[in-house]
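Trainee: What follows is a structure written as structure tokens; I'll ask about it next.
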Amino acid sequence: MNRVDFKNIIHAEELKAKNAPTKHKIFVCCGAGCISSGADNVMKKLQEEIKNRGLEDIEVVPTGCMGPCNQGPLVKFKPGNTVYQKIDCVNIGEVVKSQIVDKKPLEDLLLFSEHREKPFVNAEEDPYFKKQLKIALKDCGDVHPEKIEDYLLHDGYKALDKALFEMSPEDVISEIKQSRLRGRGGAGYPTGLKWETVYRHVNDQKYIICNGDEGDPGAFMDRSVLEGNPHRILEGMTIAGYAVGANKGYAYIRGEYPLAIKRFEAAIKAAKKLGVLGKNILGTNFSFDVEVRIGAGAFVCGEETALIASIEGRRGTPSPRPPYPAESGLWGKPTLINNVETMASIAPIILKGGEWYSEIGTAKSAGTKVFALAGKINYAGLIEVPMGTTLREIVFDIGGGIQGDGQFKAAQTGGPSGGCIPAEHLDVKMDYEELMKLGSIMGSGGLIVMDENSDMVDVARFFMEFCVDESCGKCVPCRVGTKMMHDLLQKVCENKATQLDIERLEELAVYVKECSLCGLGGSAPNPLLSTLRHFRHEYDTRVQPVRKSENLVHQ
Amino acid sequence: MMALVTIYIDGKKIIAGSEKTILEVARENNIEILTMCHLKGLTDVGACRLCMVELEGSPKLFSACTTKVADNMIVTTNSERIRRYQRITTELFFAERNHICAVCVSNGACELQDLGYKVGLDAIRYPHLFPQCEVDTSHPLYVMDQNRCISCSRCIRACAEVEGAYNWDMMNRGYQIRVISDFNTLWGESTTCTSCGKCVQACPTGALWAKSIVQGQQDKHPEFITDLMERRKMNL
Ligand SMILES: Cc1cc2nc3c(=O)[nH]c(=O)nc-3n(C[C@H](O)[C@H](O)[C@H](O)COP(=O)(O)O)c2cc1C
Ligand code: SF4
Ligand code: SF4
Ligand code: FES
């Protein structure tokens, strides 16, 4: 297939969509949250309902995550963007009847109806969505993840077409640089710079890796894109391959995401069939192939050098950098490794331009960030907001505030590598630098909200336990240090610790942070350090007087 | 041709080949950097973190055994912070498993014990984990005692890189990692071990020892490994 064929196909699809007899489309959210609250059954029942009522021209589309997961299962009607919440096999019938047959929205079941004086018939007018800006997640609740034609109707593969025919690899890289996009896998390294480094390393074999290991507890943003819009990632990877000069890519997806793996593999097949992946893409002499590799459930395999070892078939333990993968990565070849959300941002940047993207967000952190809201918040789920949105806006305007009218106590960001932000910093603008200043990190975007009943020492202990379990055991500071810190934190929780224990904790924390081989150990002390910084009194009030015998040995 | 660079270690100006690590250059110039997982001749893995040094201009620490020298690098190996961290690492080694020197074959000839003296270890401030560990005596010539293993992986690398037998590997994660023979079977039943004893020589502690000796008598020669690799490089 060449470029003209491709344009013709898109044109035909667009025509077909325009002239289709279907007036209504019903989207059933089949993201992780909605599936676990019964979306599968709703889907079946809905199809029955439609058949029984003779409404066969209505198309039912299973989609990826729509966002407000704990209001699910969610069902969206188009045109009109009317979203219903907490749908089950009983009320789905009523919804179809009033929405389609009676043409009158069923107010009681509209999204957020319990919290709004007048719920919005068009959900996009609700502040929950209005405050958000979806770039990486855009289309996630609107396309059928297993239909490439659906993706084509949402500008699919147009960015690839543009890159291949209107831009040189250097142009692509400078567009990404101009966008000021930073890696969304945690560290926030400038993506354009990384691409340029790989581009500059001359080698006939280079690789692209998309990191979909997503091991942070509670995080599911990468999952939602992999499951909800896999072609977007495939397109990003292919553009990356063209830019840096790689002809092979690996998508490393954790084994706990069987649906993501299935969808991604289906997407690879469909893309190859269409000619936007594989040999001589769109008739050019650029070829690019992608394979899926499945992770076996170790958090540390998300770390890039461990991930590479894992793809090579070795034990997934990190190695010291340098050399960085950009210089010597997979099988010793220059390798570009980017996170799923990073890859999902590529196509929009190529289509709309780096300048457009760089104008969103803050001075040092451009664009948007996906957060997984969890904990004592009313609307847990996935949101995407411009960088620099304040924590207050996220928790109260979007997240609907604290459950049961409780008090906000802290927000934990960055998972086991992050820290806790106390109430006095609710107005912090969420970007890489500001979070760092408060002793936390952006991480991959986990955001756990805690109310006044949370025990901050126990929060630190919980995350330390996670690191003890997930430490690969290669280096001493992390292997033994995290275990020691965990046991000391346990002692504090049980009101058995002394001031000496706190001092030992503080010393160990800094030591483990500075001496560990990889970022797991390097960031494992963060929850401890940040709770010590912002919630010191919770430690101090539990400390016991030092016994004499202890003092002798331990001074 | 190897490029030459100028570096400064603890104030001493040194000209060195750019392919070398900080550790190599320091040792060639009689500057002591403590190490445990490093054994000259084997691939460096940067696992024990004893050899951490400061580089001027960076707040981070670097493992000397895996970091290459670069022009105008200013290295500090003996700051108060570095010494404090060496001591903590040593304490963690001792607290992790069951190091009862008095009943150990390596008593008096043990790199871990030596390390304890070097960092001036007088007490261990962290609670000992005292794990339940296995002792594998099934091999006709050697014993593997997990109680004394510090997971440095020198045995694994000596077996793979020098002997080429690949008998040893690591299993589990975190503080529960264990060195295993084949797929975690008895060493005496190994289908890969050639009984060459290189792992025993490479092991810095009393974790691997020869059955023929008694308490305090194990005399190890890890430099055998280094010499073997040097000779191999010369193609003799
Ligand atoms: C312990 C650990 C776990 C990590 N897990 C992930 C992960 O699950 N997904 C991810 O994209 N990056 C993860 N990273 C970061 C990667 O090493 C790497 O920096 C990232 O994939 C680069 O992509 P980016 O530049 O697009 O962020 C992890 C890092 C560490 C230290
Ligand atoms: S910091 Fe932890 S996870 Fe990373 S190499 Fe060391 S032991 Fe392994
Ligand atoms: S057995 Fe000896 S050489 Fe092998 S890992 Fe343990 S301490 Fe190191
Ligand atoms: S000797 Fe360098 S990390 Fe062990």
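Trainee: How long are the three semi-axes of the equivalent ellipsoid of segment A:148-358, in whole Å, if each is the root of 5 times an eigenvalue of the C-alpha gyration tensor, listed from largest down?
Mentor: Working: eigenvalues 110, 79, 54 Å².
In descending order the semi-axes read 23, 20, 16 Å.
Trainee: Sticking with this one: Expressed in nm², what is the orientationally averaged projection area of the convex hull enclosing the Cα positions of the protein assembly as shown? Let's see the in-between values first.
Mentor: Working: hull surface 150.5 nm².
Mean orientational projected area (the protein assembly as shown, Cα hull): 37.6 nm².
Trainee: Moving on. Using the Karplus curve 6.51 cos²θ - 1.76 cosθ + 1.60 with θ = phi - 60°, what ³J(HN,Hα) values do you get for each residue of segment B:114-121, in whole Hz, with x for Gly and Pro?
Mentor: 4, 4, x, 5, 4, 8, x, 6
Trainee: Here's something else I'd like to know. Quick check: pseudo-label points 7 Å beyond the Cα along Cα→Cβ at B:ASP182 and A:LYS16, how many nm apart are they?
Mentor: 5.8 nm
Trainee: Taking 0.36 nm per residue of separation and subtracting the Cα-Cα distance, what length does fully extending A:GLU465 through A:LEU55 add?
Mentor: On the way: separation 410, 0.36 × 410 = 147.60 nm, distance 5.36 nm.
Taking A:GLU465 through A:LEU55 to full extension adds about 142.2 nm, to one decimal.
Trainee: Now for a different question. Considering the convex hull of the alpha carbon atoms of segment B:46-113, report its projected area averaged over all viewing directions, in nm², one decimal. Could you put the intermediate results ahead of the total?
Mentor: On the way: hull surface 23.3 nm².
Result: 5.8 nm².
Trainee: Here's something else I'd like to know. Kirkwood hydrodynamic radius of segment A:23-124 from all distinct Cα pairs, in Å?
Mentor: 13.2 Å
Trainee: What is the helix-to-structure angle for B:223-234, meaning the angle in degrees between its Cα long axis and the longest Cα principal axis of chain B, kept from 0 to 90 and rounded to the nearest 10?
Mentor: Helix B:223-234 and the main axis of chain B meet at about 60 degrees.
Trainee: Assigning unit charges at the beta carbon (Lys, Arg +1; Asp, Glu -1) and nothing else, what dipole magnitude in debye, to the nearest 20, does segment A:23-124 show about its Cα centre? List each step's numbers first, then the result.
Mentor: Details: 14 positive and 14 negative charges, 39 e Å.
Charge dipole of segment A:23-124: 180 debye, to the nearest 20.
Trainee: So how do A:TRP331, A:TRP195, B:TRP187 line up by other beta-carbon neighbours within 10 Å, fewest first?
Mentor: Values: A:TRP331 11, A:TRP195 26, B:TRP187 23.
If I rank by nearby Cβ atoms, fewest first, I get A:TRP331, B:TRP187, A:TRP195.
Trainee: Treating only the Cα positions of chain B as identical point scatterers, give the base-10 log of I(q)/I(0) from the Debye formula at each q in 0.16 Å⁻¹.
Mentor: -1.20
Trainee: Peptide B:41-48: average number of partner chain Cβ atoms within 10 Å per residue?
Mentor: Across the residues of B:41-48, the mean count of other-chain Cβ atoms within 10 Å is 4.
Trainee: Taking the dipole about the Cα centre of chain A, with the C-beta of Lys and Arg at +1 and of Asp and Glu at -1, give me whichever of A:THR342, A:LEU15, A:GLY188 is farthest to the positive side.
Mentor: Looking along the dipole axis, the top candidate is A:LEU15.
Trainee: Something else: Counting residues in segment A:352-391 as N, plug N into 2.2 N^0.38 Å and put the Cα Rg over that result. Working shown, then result.
Mentor: Numbers: Rg = 12.4 Å, N = 40, 2.2 N^0.38 = 8.9 Å.
Ratio of Rg to 2.2 N^0.38 Å for segment A:352-391: 1.39.
Trainee: Based on the Cβ-Cβ distance from A:ASP427 to A:GLU503, what FRET efficiency comes out when R0 is 30 Å, to the nearest 0.05?
Mentor: Values: r = 33 Å, r/R0 = 1.11.
Rounded to the nearest 0.05, the efficiency is 0.35.
Trainee: Using only Cα atoms, find the angle between the long axis of helix A:169-179 and the longest principal axis of chain A, and express it within 0 to 90 degrees, rounded to the nearest 10.
Mentor: 60 degrees
Trainee: Apply the Debye scattering formula to segment B:102-235, with a single equal point scatterer on each alpha-carbon and no solvent, then give log10 I(q)/I(0) at q = 0.10, 0.11, 0.18 Å⁻¹.
Mentor: Scattering profile of segment B:102-235, log10 relative to I(0): -0.34, -0.41, -1.07.
Trainee: Can you compute 3J(HN,Hα) from phi for each residue in segment A:236-250, using the Karplus curve 6.51 cos²θ - 1.76 cosθ + 1.60 with θ = phi - 60°, rounded to whole Hz and x for Gly and Pro?
Mentor: Karplus values, whole Hz, x for Gly and Pro: x, 5, 5, 4, 4, x, 4, 5, 9, x, 10, 10, 9, x, 10.
Trainee: Work out how much length B:SER58 to B:SER195 would gain on full extension: take 0.36 nm times their residue separation and subtract the Cα-Cα distance, in nm to one decimal.
Mentor: Details: separation 137, 0.36 × 137 = 49.32 nm, distance 4.59 nm.
Value of the extension gain: 44.7 nm.
Trainee: Also, I was wondering about something else. Taking the alpha-carbon centroid of each part, what is the distance from segment A:458-499 to segment A:115-131 in angstrom?
Mentor: 43 Å
Trainee: Between segment B:95-137 and segment A:316-357, what is the C-alpha centre distance in whole Å?
Mentor: Between the Cα centres of segment B:95-137 and segment A:316-357 lies a distance of 43 Å.
Trainee: Between A:CYS30 and residues 5 or more places away or on another chain, which pairs have amide H atoms under 5 Å apart, with H built 1.01 Å from N, and which residues are they?
Mentor: For A:CYS30, whose amide H was placed from the backbone, the distant partners under 5 Å are A:THR63, A:GLY64.
Trainee: Grab the beta carbon distance between A:GLU94 and A:GLU114, set R0 = 22 Å, and tell me the FRET efficiency rounded to 0.05.
Mentor: On the way: r = 17 Å, r/R0 = 0.77.
Computed FRET efficiency for A:GLU94 and A:GLU114 comes out at 0.80.
Trainee: Quote the FRET efficiency, to the nearest 0.05, computed for A:HIS537 versus B:ARG84 with a Förster distance R0 of 22 Å and r equal to the Cβ-Cβ distance. Walk me through the numbers before you get to the answer.
Mentor: Values: r = 28 Å, r/R0 = 1.27.
The pair A:HIS537/B:ARG84 has a calculated efficiency of 0.20.
Trainee: Here's something else I'd like to know. Compute and list, largest first, the equivalent-ellipsoid semi-axes of segment A:141-262 from the alpha carbon gyration tensor, each √(5λ) rounded to a whole angstrom.
Mentor: Largest first, segment A:141-262 gives 24, 19, 14 Å.
Trainee: What residues qualify as long-range amide H neighbours of B:ILE180, i.e. H under 5 Å apart, gap of 5 or more or another chain, H built at 1.01 Å from N?
Mentor: Residues meeting the amide H criterion: B:ASP169, B:MET170, B:MET171.
Trainee: What is the set of long-range amide H partners of A:ALA366 at a cut-off below 5 Å, with H atoms built 1.01 Å from backbone N?
Mentor: A:ARG182
Trainee: Given the rule -39500 (n - 2.57) for each run of at least 4 DSSP H residues, summed and divided by the residues of the protein assembly as shown, what is its mean residue ellipticity at 222 nm, to the nearest 500 deg cm²/dmol?
Mentor: On the way: 30 runs with 282 residues, N = 791.
Rounded to the nearest 500, the figure is -10000 deg cm²/dmol.
Trainee: Which pairs break 32 Å Cα to Cα here: A:LYS138/A:LYS279; A:LYS7/A:LYS103; A:LYS118/A:LYS147; A:LYS206/A:LYS474; A:LYS131/A:LYS279; A:LYS162/A:LYS206?
Mentor: Details: A:LYS138/A:LYS279 29 Å; A:LYS7/A:LYS103 37 Å; A:LYS118/A:LYS147 36 Å; A:LYS206/A:LYS474 28 Å; A:LYS131/A:LYS279 42 Å; A:LYS162/A:LYS206 22 Å.
Exceeds cut-off: A:LYS7/A:LYS103; A:LYS118/A:LYS147; A:LYS131/A:LYS279.
Trainee: Now a separate question. Using a Debye calculation, one point per C-alpha and no hydration shell, please list log10 I(q)/I(0) for segment A:256-322 at q = 0.12, 0.19, 0.22, 0.27 Å⁻¹ in order.
Mentor: For segment A:256-322 at q = 0.12, 0.19, 0.22, 0.27 Å⁻¹, log10 I(q)/I(0) is -0.46, -0.82, -0.89, -1.03.
Trainee: Then there's this: Could you give each residue of segment A:465-481 its phi-based ³J(HN,Hα) in whole Hz, using Karplus coefficients 6.51, -1.76, 1.60 with θ = phi - 60°, and x for Gly or Pro?
Mentor: Rounded to whole hertz, the list is 4, 4, 5, 4, 5, 9, 3, 6, x, 6, 9, 5, x, 6, 4, 8, x.
Trainee: Can you give me the three principal axis dimensions of segment B:4-78 from its C-alpha atoms, in Å, biggest first?
Mentor: 27, 26, 19
Trainee: Then there is this: Using the Cα centre as the reference, give the magnitude of the dipole from point charges on the C-beta atoms of the protein assembly as shown (Lys, Arg: +1; Asp, Glu: -1; all else neutral), rounded to the nearest 20 debye. Don't skip to the end; give the middle numbers.
Mentor: Values: 94 positive and 102 negative charges, 169 e Å.
Around 820 debye, computed over the protein assembly as shown.
Values in this text are rule-based calculations from the coordinates and carry no lab data. What you see is a predicted model, and the numbers here were worked out from it, not measured in a lab. Positions of Cβ are backbone-derived with ideal geometry, glycine not excepted, and every protein chain shown enters the neighbour counts.
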